[in-house]
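The structure appears right after this line, and notes come after that.
The values are calculated or read from the model by the stated rules, or taken from the named source; none is laboratory data. What you are looking at is a predicted structure, and each value in this text was computed from that prediction instead of being measured. FYI the Cβ positions are ideal-geometry reconstructions off the backbone, even for glycines, and counts take in every protein chain you see.
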Amino acid sequence: MIGWVSPVPIGGTISGGTRKLWDLSQILVGNGIPSTVITYADLCRGTPGMAMSADNVLVIPKVYDTEIDRLGGPEVRKVAFVQNGYLLNQTELVHPFETCGNLVAVLTACDEDTRLVHARCPRLEVPVIRTHSSGNGRLGGNAGFRYGYWPRRRRVLYFEYKNGPGSWTGGDLLGPLFADLELPKGWELVCLSGRSDEQIAELMRTSAIFVAPLRREGMCAPTSEAMISGCAIVGWTGGGAEEYLAGRAALVSQDDVAMLRERVYEVAAEIDRGSGHWPENTRRWSDWFQRTYSRDGEIREVCRIACQLGA
């Protein structure tokens, strides 16, 4: 049995890395491998719904890295899951991953996370296993993101949490990004926050531009979804996104808000003029992403990892 430690139980409100934990657990269940989501609160109360024994494996997300040694007790084998390596604890001289006696592996979400784990944990003696998220899964099923043909509606899409004041992605910097954003005549700015998966998928299939002001994140799910859907992506690279955005998006200098605002306007104007090759390139980039990070490949990979761990 594999237990995936989550801040909230299935049925709660989730996004990002927590949603990925649920998805991977349900992939395993759907392929006949015992797996369950365990809330952090239940684990701390001693009522996890799974035996804490050497026969089982507990997957603990990076957010609980300082507690990894005590969570679940000394019997159960543990796997750390790092989806945003820059958030690894920096206060202790020796990172807890290096001293956890029953840690058997570390999972990472991108090459940048792998690099950061090795840099922060130079004495780590367990394997670091790179995973590949398709960006197109929900609770073991297909999320429904797919390529939409051009021409498209003159809409610029974004997520509010990416520029919220004080957000962990750098809200103090990103706050001015979408305020009074200048766009060519006939264009509209559309916020995706708070919409259903179906609504987001439809907007991404039919809208021209997605803004991705990435900073240090690992594999950013909304940006992956936008690339699958065929949006023209404008933004910074940031963290793990370097793997799939470099050469496949309109990128400007990291953290330069003024340049990013200008580039959004320029790309919208290019699309209006029919200049550039956005229809052709977005089709090609969508195909590339879905080959490189395929859903079938992700399913095979997580099942293989589970079998390697003996769960």
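Under the condition of being within 20 Å of Y147 (Cα to Cα) and surrounded by fewer than 18 Cβ atoms within 10 Å (Cβ to Cβ), the residues counted in segment 258-294 number 13. Only one entry in I27, I38 is at pLDDT 90 or above, surrounded by 17 or more Cβ atoms within 10 Å (Cβ to Cβ) and part of a strand (DSSP E or B), namely I38. Residues that are over 20 Å from G218 (Cβ atoms) and touching a strand residue (DSSP E or B) at 6+ places or on another chain (Cβ under 6 Å) within segment 79-102 comprise just one, N102.
I129 passes every criterion in (1) modelled with pLDDT of 95 or more; (2) part of a loop (DSSP other than H, G, I, E, B) apart from (2).
Based on what the data block shows, is E182 touching a Phe, Trp or Tyr at 6+ places or on another chain (Cβ under 9 Å), assigned to a loop (DSSP other than H, G, I, E, B), at pLDDT 85 or above and surrounded by fewer than 20 Cβ atoms within 10 Å (Cβ to Cβ)? Spelling it out, E182 is indeed touching a Phe, Trp or Tyr at 6+ places or on another chain (Cβ under 9 Å), assigned to a loop (DSSP other than H, G, I, E, B), at pLDDT 85 or above and surrounded by fewer than 20 Cβ atoms within 10 Å (Cβ to Cβ). If you go through segment 198-226 and keep only what is aliphatic (A, V, I, L, M) and assigned to a strand (DSSP E or B), you end up with A208, I209, V211, A212. Looking at segment 244-269, I want the residues that are without any contact (Cβ under 8 Å) to a residue 12 or more places away in the chain and have a partner that is hydroxyl-bearing (S, T, Y) and surrounded by 16 or more Cβ atoms within 10 Å (Cβ to Cβ) with Cβ atoms under 8 Å, at least 6 apart or on another chain. Which pairs are those? Going by the 8 Å Cβ cut-off, the qualifying pairs are A246/T237.
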